[in-house]
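**Student:** I am attaching a structure below and will ask some questions about it afterwards.
The values are calculated or read from the model by the stated rules, or taken from the named source; none is laboratory data. Note that the structure is a prediction, hence the values are computed from the model and not measured. Note that we place each Cβ from the backbone using ideal geometry, even for glycine, and neighbour counts take in every protein chain shown.
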Amino acid sequence: MKTFIIGNWKCNPTTQAQAEQLFDTVEKGIKRIKSASWRNKNIEVVICPPFVWLPLISASVCAKGFGGLVFGSQDCFWEQSGTYTGEISPTMLKNLGCSYVIIGHSERRKYFNETNETVNKKLLSAFKVRLKPIFCVGEQEGEEMSLVVKNQLIEGLSGIKRTQMRNLIIAYEPVWAIGTENPCQPNEAMKAILFIKKTLSELYNRELAEEIPILYGGSLNSKNAKDYIKEAKMNGLLVGGTSLDGGEFIKIIKSV
Ligand code: 13P
């Protein structure tokens, strides 16, 4: 299975020049470390910028077209087009060259009233145009992980077929670990990941559950990243704040 290193830029940076510079640093860094073994290592680096910077990243990736670096968006709407002022559809993202879309991030649940039901509609809609969703789940401080995550999985994945599941990535991001410099330790995160696998086995089957990459996200940096991949053997990382520092993001890629 591939190892995914995904950078979620969130609502940053605020100018095109800064976005270009950040992307340039990442692109050059990857080229430098890209050796003959890169492909064998099977690492996929995904950059998820705000919608407005997607076209410039799309132009750069498509023009240079080197493997191992692709891009995605941080959200999408559930309809493909129509009278929905302000929304961005999965079809638009697909036509721009996006491969992935983050769906159900806790910040969208918190600030934009996203529910398991809207998350489910967005997942179904992304699958329709073959965008690969990065489906975020995780509990808030004081909540029982198993109760919250099980519900997010059952309701979020309602009606999603086995064939579609093969294009899904799940990210376990405990809300209390996001942007706090207080990451969930690899052994604890691994317990949540095993719980997600168990729930997927119950909802689908064991073989399928084993095929779905499950990533960790929350206060990752260039020092702690490798512990999740090399020791805890996770399938990848969803990096927030550290992905805004090109040099540090490259260090994370190198470390794993
Ligand atoms: P931080 O890495 O800033 O904690 O954010 C994690 C996250 O929310 C990625 O989606």
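**Student:** Given the conditions (1) modelled with pLDDT of 90 or more; (2) surrounded by fewer than 18 Cβ atoms within 10 Å (Cβ to Cβ), which single one is not true for LYS41?
**Tutor:** With (1) modelled with pLDDT of 90 or more; (2) surrounded by fewer than 18 Cβ atoms within 10 Å (Cβ to Cβ) applied to LYS41, the lone miss is (1).
**Student:** Over 24 Å from LYS223 (Cβ atoms) and within 15 Å of the ligand (Cβ to nearest atom), is that true of ILE178? Walk me through it before giving the result.
**Tutor:** On the way: over 24 Å from LYS223 (Cβ atoms): no; within 15 Å of the ligand (Cβ to nearest atom): yes.
Against the criterion (over 24 Å from LYS223 (Cβ atoms) and within 15 Å of the ligand (Cβ to nearest atom)), ILE178 does not qualify.
**Student:** So, ILE154, is that one among the aliphatic types (A, V, I, L, M), within 14 Å of the ligand (Cβ to nearest atom), out of contact with any helix residue (DSSP H, G or I) (no Cβ under 6 Å at 6 or more places or on another chain) and at pLDDT 95 or above or not? Walk me through how you get there before you give the answer.
**Tutor:** On the way: among the aliphatic types (A, V, I, L, M): yes; within 14 Å of the ligand (Cβ to nearest atom): no; out of contact with any helix residue (DSSP H, G or I) (no Cβ under 6 Å at 6 or more places or on another chain): yes; at pLDDT 95 or above: yes.
No, not satisfied.
**Student:** Within region 212-237, which residues are touching a Pro at 6+ places or on another chain (Cβ under 7 Å), more than 20 Å from TRP176 (Cα to Cα) and at pLDDT 95 or above?
**Tutor:** ASN235 - this is the single residue of region 212-237 that is touching a Pro at 6+ places or on another chain (Cβ under 7 Å), more than 20 Å from TRP176 (Cα to Cα) and at pLDDT 95 or above.
**Student:** Another question, then. Only one of ASN95, ASN116 is more than 22 Å from PRO213 (Cβ to Cβ) and at pLDDT 95 or above; which? Walk me through it before giving the result.
**Tutor:** Numbers: ASN116 fails: more than 22 Å from PRO213 (Cβ to Cβ).
On inspection, the qualifying residue turns out to be ASN95.
**Student:** Take the residues in region 155-201 that are β-branched (Val, Ile, Thr) and over 17 Å from the mean Cα position of the chain (by Cα), then tell me which one is farthest from LYS230 (Cα to Cα). Can you show your working first?
**Tutor:** Of region 155-201, the ones β-branched (Val, Ile, Thr) are 160, 163, 169-170, 175, 178, 180, 193, 196, 199.
Then keep just the ones that are over 17 Å from the mean Cα position of the chain (by Cα); that gives 160, 163, 180, 199.
Working: ILE160: 31, THR163: 30, THR180: 23, THR199: 24 Å.
Filtering first and then ranking leaves ILE160.
**Student:** Scan region 159-171 and tell me whether some residue there is touching a residue at least 24 places away in the same chain (Cβ under 8 Å), part of a loop (DSSP other than H, G, I, E, B), within 16 Å of the ligand (Cβ to nearest atom) and of a type outside the set (A, V, I, L, M, F, W, C).
**Tutor:** no
**Student:** Turning to a different aspect of this structure: For region 93-118, which residues satisfy the criterion of being more than 14 Å from the chain's Cα centre (by Cα) and either of a type in the set (Gly, Ala, Ser) or within 15 Å of the ligand (Cβ to nearest atom) (or both)? It would help to see each step written out before you state the result.
**Tutor:** Initial filter on region 93-118 (more than 14 Å from the chain's Cα centre (by Cα)): 93-97, 109-118.
Across region 93-118, the qualifying residues are GLY97, ARG109, LYS110, TYR111, PHE112, GLU114.
**Student:** Of GLY236, GLY179, GLY217, GLY240, which residue is loosely packed, with under 14 Cβ neighbours inside 10 Å, in contact (Cβ under 8 Å) with a residue 60 or more places away in the chain and closer than 22 Å to ASN8 by Cα?
**Tutor:** GLY179
**Student:** Go through region 44-71 residue by residue and tally those that are at pLDDT below 95, in a helix (DSSP H, G or I) and touching a helix residue (DSSP H, G or I) at 6+ places or on another chain (Cβ under 9 Å).
**Tutor:** Residues that pass the stated criteria total 5.
One line per residue, one yes/no per condition, for (1) within 12 Å of the ligand (Cβ to nearest atom); (2) among the aromatic types (Phe, Trp, Tyr); (3) closer than 25 Å to ILE196 by Cα; (4) in a loop (DSSP other than H, G, I, E, B):
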position	(1), (2), (3), (4)
ASN221	yes, no, yes, yes
LYS226	no, no, yes, no
ILE229	no, no, yes, no
LYS233	no, no, yes, yes
THR242	yes, no, no, no
GLY247	no, no, no, no
LYS251	no, no, no, no
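**Student:** With the structure loaded, tell me whether ILE30 is under 22 Å from PRO133 (Cα atoms) and either among the β-branched types (Val, Ile, Thr) or at pLDDT below 95 (or both) or whether it fails that test.
**Tutor:** Numbers: under 22 Å from PRO133 (Cα atoms): no; either among the β-branched types (Val, Ile, Thr) or at pLDDT below 95 (or both): yes.
Here the answer is no, as ILE30 does not meet what is asked.
**Student:** Follow-up question, since we're still on this one. Across region 182-214, which residue is surrounded by the most Cβ atoms within 10 Å (Cβ to Cβ) among those that are within 15 Å of the ligand (Cβ to nearest atom) and polar (S, T, N, Q)?
**Tutor:** That would be GLN185.
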